[in-house]
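Shown next, in structure tokens, is the structure this report addresses.
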Amino acid sequence: MSTASGTRVVVYVALGGNLLIAISKFVAAAFSGSSAMLSEGVHSLVDTVNEVLLLYGLHRAKAPPDDAHPFGHGRELYFWSFIVALLVLALGAGVSFYEGVAHIRQPEAITNPAINYIVLAVSAVFEGTSWVIALREFRRHKGKLGYFEAFRQSKDPSTFTVLLEDSAALLGLLIAFVGVLSSQWFDEPRLDGVASIGIALVLTVSAILLARESKGLLLGEPAHPVVREAILAIAAADPGVRCANGVLTMQMGPNQVVAALSAEFEDALTTPQIEACIHRIEKGAKAAHAELLTLFVKPQTAEVWKARRDAIEQGNAPYIG
């Protein structure tokens, strides 16, 4: 299964599961009057909308380059991932917190609690299935990296968004279960409202993590170090290159990278020979990493490269040249 198809399967499974779960939670909340179940219903509805936005982002990211977007539309997915994070915070966490506070101020006893337990159990099965599928896809790409490190370095927000959403959903179900059970056990309806506030806190943390990672990708993160190392190795091995100074990369989409190589060529080379050398390097780099859209090569001495890098690190360089 390709990366793109695997990602879409994860999102489609999450979409179908969250839609069914949202409907069942709202029905349970209507029959029982549980604030925690209503918060969970809003949570699942927000997740459903999020999956639709992720699918739209995946579709838009496939659009080919044009005059207005010469490097493609890969960052469309990053934009919609950021919108997803805002929705989780504004709608999911916001409504859950409001419902929790309202239920604490004006508590109402839960009626027909059995339906809540049934819906929570069914929801746990659906969410758990989606979580396992998302986890398998995430593990398939993370390699030897730890989970948090892989999350930080991932360039495909759709998979880690679904995984994080499902993790938050399972934790939210546990909180809702504890809230419903404790409010019934202790005959204290306010505990149901406290559970809603707990769900809001879980969603807030999830939204902050998603927003932070999506923001980094949207602003422009470097590609994985292996891409830079491969380009440097290919350039250094070319007979026309005296010194491969360094490479700057930028992730333009989950599978789209733009790179700039600084290299010092042999003095005896003519312009056509330098062009042929650049063509060989670009061809080899794209063969090694298909996600490489464009490789810009700048003839530059090692001293000039180092001076520019030092200026950038010190914050004194207006641009990267």
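Work out how much length Lys306 to Lys62 would gain on full extension: take 0.36 nm times their residue separation and subtract the Cα-Cα distance, in nm to one decimal.
Length difference between fully extended and current span is 84.2 nm.
Classify the range 67-121 as rounded, prolate or oblate, taking a ≥ b ≥ c as the square roots of the eigenvalues of its Cα gyration tensor: rounded when a/c is under 1.5, otherwise prolate if a/b is larger than b/c and oblate if not.
Oblate, because a/c is 1.5 or more while a/b does not exceed b/c.
What fraction of the Cα pairs in the range 35-111, stated in percent, has a spacing above 21 angstrom?
Distances greater than 21 Å cover 46 percent of the Cα pairs.
For Lys306, give me every one of the aspartates and glutamates with a C-alpha distance below 14 angstrom, ignoring sequence neighbours fewer than eight places off in its own chain.
The reachable aspartates and glutamates, counting only those whose Cα sits under 14 Å from Lys306, are Glu264.
How much of the accessible area of the range 1-137, probe 1.4 Å, is carbon plus sulfur, in whole percent?
So the carbon and sulfur contribution to the accessible surface is 73 percent.
Please list the equivalent ellipsoid semi-axes of the range 163-230, computed as the square roots of five times the alpha-carbon gyration tensor eigenvalues, in descending order and whole angstrom.
40, 11, 5
Cross-link candidates for Lys283: which aspartates and glutamates have Cα within less than 16 Å, leaving aside residues fewer than 8 places away along the same chain?
Glu229, Asp238, Glu275, Glu291
Provide the FRET efficiency to the nearest 0.05 for the Leu201-Ala109 pair, computing r from the beta carbons and using R0 = 35 Å.
0.90
Can you tell me which of 230-241, 14-25 comes out highest on packing, and rank the rest after it, using the mean Cβ neighbours within 10 Å?
Going from most to least packed, we get 14-25, 230-241.
Length gain on complete extension for the stretch Trp185 to Leu219, per 0.36 nm per residue less the alpha carbon to alpha carbon distance?
7.3 nm is the gain from fully extending Trp185 to Leu219.
Could you compute how fast the chain diffuses translationally, taking Rh as the Kirkwood radius over C-alpha pairs and applying Stokes-Einstein at 25 °C with viscosity 0.890 mPa s? Give it in µm² per second.
111 µm²/s
Relative contact order of the range 22-157: what whole-number percent is it, with Cα pairs under 8 angstrom and at least 6 residues apart?
29 percent
Tell me the per residue accessible area of the chain using a 1.4 Å probe; a whole number in Å² is fine.
I get 49 Å² per residue for the chain.
Give me the aspartates and glutamates in straight-line cross-link reach of Lys62: C-alpha distance below 12 Å, same-chain residues under 8 apart excluded.
Cross-link targets: Glu76.
What number comes out for the charge environment of Glu303, summing +1 per Lys or Arg and -1 per Asp or Glu over other residues with Cβ under 12 Å away?
Here the count lands on +1.
Under the rule a/c < 1.5 gives rounded, and otherwise a/b versus b/c splits prolate from oblate, where does the range 16-72 land using the Cα gyration tensor?
Prolate is the answer for the range 16-72, as a/c is 1.5 or above and a/b outweighs b/c.
Tally Lys/Arg at +1 and Asp/Glu at -1 over every other residue whose Cβ is under 13 Å from the Cβ of Ala109; what's the total?
Residues close to Ala109 contribute a combined charge of -3.
Angle between the Cα long axis of helix 302-313 and the longest principal axis of the chain, 0 to 90 degrees, nearest 10?
30 degrees
Under a point spin-label approximation (7 Å from Cα along Cα-to-Cβ), what is the Ala237-Ala287 distance to one decimal in nm?
Between Ala237 and Ala287, the simple spin-label model gives 0.9 nm.
The values are calculated or read from the model by the stated rules, or taken from the named source; none is laboratory data. All values derive from a computational prediction rather than experimental measurement. Please note: Cβ atoms are built from the backbone with ideal geometry, for glycine as well, and neighbour counts cover all protein chains shown. Side chains are part of the model used for accessible areas, which takes the heavy atoms of the whole protein and leaves out ligands, DNA and RNA. Shrake-Rupley method; radii C 1.70, N 1.55, O 1.52, S 1.80 Å.
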